[in-house]
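Structure first, then comments.
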Amino acid sequence: QVQLVESGGGLVQAGGSLRLSCAASGRTFISYVMGWFRQAPGKERESVAAISWSGVSTYYASSVKARFTISRDNAKNTMYLQMNSLKPEDTAVYYCAAGSRWLPSKQEEYVYWGQGTQVTVSS
């Protein structure tokens, strides 16, 4: 079992930056594909980015490509999401998730989920 804890959310002005972290428990972090998802008020949860076991492969939703960067440090059991040039439409609760297969945007492939961290971007 893996427990995931997100941190780093907050309130930022449009154009600003935030870095989210996802800390994982256990010694098998490298066994998991890791992903970031978000859910805005009144909307369905959507995929944001994902990273493969070693970090060689990454995936980004088109809405965040070139603005967000996903990374992981397997020695620290931690995944990151660097978010730059934030827009009001990026406002959402951001969740990290862990899965076993490289189907990066498919929520059903992720087995473990964190509780989420709120990101609010003001205009």
### Task
Can you work out the accessible area per residue across the range 1-117, with the rest of the protein chains kept in place, probe 1.4 Å, in square angstrom?
51
### Count of Lys pairs (Cα-Cα under 25 Å; at least 8 positions apart or interchain) in the chain
6
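The values are calculated or read from the model by the stated rules, or taken from the named source; none is laboratory data. From a predicted model like this one, the values you see are computed outputs, not experimental measurements. Protein only, heavy atoms only, side chains kept; ligands, DNA and RNA dropped before computing areas. Shrake-Rupley method; radii C 1.70, N 1.55, O 1.52, S 1.80 Å.
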